[in-house]
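Read through the structure below, which is laid out as structure tokens, and then see the notes.
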Amino acid sequence: MNRISETDLILNADGSAYHLNLLPGDVADTVITVGDPDRVSGISQYFNSVELKKGKREFITHTGRIGEKRLTVISTGIGTDNIDIVLNELDALVNIDFSTRLVNPQLKSLDIIRIGTSGAVQADIPIDSVLLSSAAFGLDPLMHYYQYQLSDGQQTLLNAFKAALPDDANISPYVAFADKTLLHKLGTGLPQGITITAPGFYAPQGRQVRAVSAIPQLMDIIQQFNFEGQRITNLEMETAGIYGLTGSLGHKALSYNVILANRVTQNFSKQPAKIMDHYIKQLLEKLAGA
């Protein structure tokens, strides 16, 4: 078995993971990811006990318990470039012996649940609702750097989306999927759909401010896409990367999208903080009972 070098897996002087500042044992088997560092305490306030609080840069981590359930909540910041850092270091913390730099003989699989804000791209999806990503198309390049497998049906879905994009769009999308076990366990009775993970907030999500978009028809393409009854429901900036990397590493992932905007009706939530808090408590109740 090959030893992982000091430059491939960088550790801090205290032996913690370079960016996350965490030690093996700091991470629970169930991890909630959020984009906003301030949202970490908004979740851990509902823990019965908090055993650990650590942070470095935008990566804030709290680990604690709700009843007997041990949970970690960690902020990722925005975008799949940060997801690359967070998921690789989380995996290293549970699957690599930091003293020998060897992969553990027995691998651990984490349950990773993202809860974040999102914008709906279909008129019938109400603001202040929650929607689960059954799959996600990544418009970012992250998963082009990793090996991962698609079934024939999944490849056909991706090919259909690629065919809907204009030839001069210079976009090479990928697709990744939610873990079916988590989707069933935590998503029963909740609406689901295909998510677009964009590499930016403005033109990559079809917004026009001052800089001129090179693909002005992007939102129309996204809204009109339909393959065998499957449609795109929402936009955000992390889910496809989370699904792709967790699949490659042998972990399980599910993305909760709190819909604060509807891009078709051009409505935005009047009480975003209250709505997010409502769905955080709903998710924690589901996890505590899982």
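Residues that are open to solvent by less than 80 Å² (accessible area, probe 1.4 Å), assigned to a loop (DSSP other than H, G, I, E, B) and closer than 18 Å to ILE83 by Cβ within segment 11-59 comprise TYR18, HIS19, LEU20, ASN21, LEU22, VAL27, GLY35, ASP36, PRO37, GLU58, listed in sequence order.
Quick check on LYS185: is it touching a residue at least 12 places away in the same chain (Cβ under 8 Å), part of a helix (DSSP H, G or I) and either closer than 29 Å to LEU284 by Cα or out of contact with any Leu (no Cβ under 8 Å at 6 or more places or on another chain) (or both)? Step through it out loud before you land on a result.
Values: touching a residue at least 12 places away in the same chain (Cβ under 8 Å): yes; part of a helix (DSSP H, G or I): yes; either closer than 29 Å to LEU284 by Cα or out of contact with any Leu (no Cβ under 8 Å at 6 or more places or on another chain) (or both): yes.
Spelling it out, LYS185 is indeed touching a residue at least 12 places away in the same chain (Cβ under 8 Å), part of a helix (DSSP H, G or I) and either closer than 29 Å to LEU284 by Cα or out of contact with any Leu (no Cβ under 8 Å at 6 or more places or on another chain) (or both).
The condition of being part of a strand (DSSP E or B), at pLDDT 95 or above, buried (at least 16 other Cβ atoms within 10 Å of the Cβ) and of a type in the set (A, V, I, L, M) holds for only one of LEU87, LEU71, that being LEU71.
For GLY119, indicate whether it is among the small types (Gly, Ala, Ser) and within 30 Å of ASP29 (Cβ to Cβ). So GLY119 does not fit the description; no. Which residue out of LEU131, LEU165 is within 17 Å of GLN223 (Cα to Cα), open to solvent by less than 20 Å² (accessible area, probe 1.4 Å) and touching a Phe, Trp or Tyr at 6+ places or on another chain (Cβ under 9 Å)? Within the list LEU131, LEU165, the selection yields LEU131.
Does GLN155 fit the bill of being surrounded by fewer than 19 Cβ atoms within 10 Å (Cβ to Cβ), free of Cβ contacts under 8 Å to residues at least 40 places away in the same chain, over 28 Å from GLN45 (Cβ atoms) and not aromatic (Phe, Trp, Tyr)? The answer is yes for GLN155. Restricting segment 253-281 to residues that are free of Cβ contacts under 8 Å to residues at least 12 places away in the same chain and more than 18 Å from GLY42 (Cβ to Cβ) leaves a set whose member that is surrounded by the most Cβ atoms within 10 Å (Cβ to Cβ) is LYS270.
Taking the conditions exactly as written (farther than 23 Å from ILE78 by Cβ, of a type outside the set (Gly, Ala, Ser) and open to solvent by 20 Å² or more (accessible area, probe 1.4 Å)), does HIS144 satisfy them or not?
Working: farther than 23 Å from ILE78 by Cβ: no; of a type outside the set (Gly, Ala, Ser): yes; open to solvent by 20 Å² or more (accessible area, probe 1.4 Å): yes.
Answer is no for this residue.
The values are calculated or read from the model by the stated rules, or taken from the named source; none is laboratory data. Remember, it's a predicted structure, so these values are computed and weren't measured experimentally. Cβ coordinates were reconstructed from backbone atoms using ideal geometry, including for glycine residues, and neighbour counts include every protein chain displayed. Calculation scope for accessible area: heavy atoms of the full protein, side chains included, ligands and nucleic acids excluded. Shrake-Rupley method; radii C 1.70, N 1.55, O 1.52, S 1.80 Å.
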